[in-house]
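Q: Shown below is the structure under consideration.
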Amino acid sequence: MLTIFFDGIAYGMLLFILAVGLSVTMGLMNFINLAHGAFAMVGGYITVLLMQRLGLPFLLCLPAAFAGAALIGAVLERTLYRPLYHRPHLDQVLFSIGIVFMATAAVDYFIGSTQQIIQLPEWLKGRTELGSGNWILGMGHYRLFIIAVCVALTVGLQYVLSRTRFGSRLRAAVDDQRVAAGLGINVNRVFLSTFAVGSGLAGLGGALGAEVLGLDPNFPLKFMVYFLIVVAVGGTSSISGPLLAALLLGIADVAGKYYIPKLGAFIVYTLMIVILVWRPQGLFVRQGASK
């Protein structure tokens, strides 16, 4: 039981890393980017190609996955996404879904449809067990690593958004772009940086999740709903909401698939519906927030 709970937490942490960039772009930039999973797929394939073809170690591939996805995100934001900021949300949804199908087709054509395998370093393999009997806790080393990365990212993001000059400039640009520009804030640069970081976080999540979730060209379509559930249930006004939502989703999904395999997905969606009926704006909503 404790092992299932631990695996659920690790899975939830991974979902948070994958979805937090979408939460940032939706909550702070008010842009619905359903192509977020495509950036995660890019990070995963960057890691796979660097490890398989260049022989780079896994830990060096993680920052490369972040940087590669962030660079692609920055280029697309500057060329394709920016004209859609003031368009209706339906236009944003249709455009980003088109990006997803183009990305999956491109990966399938150039790399192939075979599921990719990542060879983890030896120190990330295996597990440590504590306790005995029904209360034994088995902790996979790689899942411990995912949890540690997620905790570090959560603390770092919360600090940047709430305590730094960039965070205050971003909030000002979101609240009123004209006033922010009048105060000397380069709104376009702030949005470019935010979108790039959100894309980079998705790429990092894809790199970390390739071994746990599997990686193939359909990755963005398979997990798009999970990203949206995390953002919808957690809300977009803070980092804490998506984190709690991802943990609840991860634990419910792992426990449901273990105890009731045929109803695993039913449990997840039931939990989502109950929470949204209880709190339609998400678990954490900033007082006075209009988004």
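Bear in mind these aren't lab numbers, they're just calculated from the coordinates by the rules spelled out. Since this is a predicted model, take the numbers as computed values, not measurements. Note: ideal-geometry Cβ built from the backbone for every residue, glycine included; neighbour counts use all protein chains shown.
Q: Please give the net charge around T114, taking every other residue with its beta carbon less than 12 angstrom from that of T114, where Lys and Arg add +1 and Asp and Glu add -1.
A: On the way: positive: none; negative: D108, D216.
That sum, taken over residues with Cβ under 12 Å, equals -2.
Q: If you take the Cα Rg of the stretch 120-266 and divide it by 2.2 N^0.38 Å, with N the number of residues, what do you get?
A: Details: Rg = 19.2 Å, N = 147, 2.2 N^0.38 = 14.7 Å.
Ratio of Cα Rg to 2.2 N^0.38 Å: 1.31.
Q: Could I ask something else about it? Around W123, what is the net charge, scoring Lys/Arg as +1 and Asp/Glu as -1 over all other residues with Cβ under 15 Å from its Cβ?
A: Working: positive: K125, R127, R143; negative: E122, E211.
Residues close to W123 contribute a combined charge of +1.
Q: Let me ask something else about it. Mind counting lysine pairs for me in the chain? Cα separation below 27 Å, and the two need to be 8 or more apart along the chain or on different chains.
A: Numbers: K125/K222; K125/K257; K222/K257; K222/K262.
Qualifying lysine pairs in the chain: 4.
Q: Looking at (i) 35, 20, 17; (ii) 36, 24, 19; (iii) 30, 23, 18, which value of semi-axes √(5λ) of the Cα gyration tensor in Å comes from a calculation on the structure shown?
A: Matching the structure shown: (iii).
Q: Can I ask one more? Whole percent per 5 Å bin, from 0 to the bin with the longest distance: what is P(r) over all C-alpha pairs of the stretch 45-133?
A: 3, 10, 14, 16, 16, 12, 10, 8, 5, 4, 2, 1
Q: Quick one: angle between helix 36-53 and the longest Cα principal axis of the chain, in degrees between 0 and 90, rounded to 10, please.
A: Orientation of helix 36-53: about 60 degrees from the principal axis.
Q: Lys and Arg at +1, Asp and Glu at -1: add these up for the other residues within a Cβ distance under 14 Å of R189 and post the number.
A: Details: positive: R78, R82, R165, R169; negative: E77.
Residues near R189 contribute +3 overall.
Q: What is the magnitude of the charge dipole of the stretch 2-278 about its Cα centre, with +1 placed on the Cβ of each Lys and Arg, -1 on the Cβ of each Asp and Glu, and no other charges, expressed in debye to the nearest 20?
A: Values: 16 positive and 11 negative charges, 104 e Å.
My answer is approximately 500 debye.
Q: With an 8 Å Cα cut-off and a minimum separation of 6 or more residues, compute the relative contact order for the chain in percent.
A: Values: 460 pairs, mean separation 108.8, N = 291.
Value for the chain: 37 percent.
Q: So what is the relative contact order of the stretch 154-259, in percent, for Cα pairs below 8 Å that sit 6 or more residues apart? Numbers along the way, then the final one.
A: Numbers: 46 pairs, mean separation 15.7, N = 106.
Here the relative contact order equals 15 percent.
Q: Roughly how big is the stretch 30-132's charge dipole about its Cα centre, with Cβ charges of +1 (Lys, Arg) and -1 (Asp, Glu), in debye to the nearest 20?
A: Numbers: 6 positive and 5 negative charges, 31 e Å.
About 140 debye.
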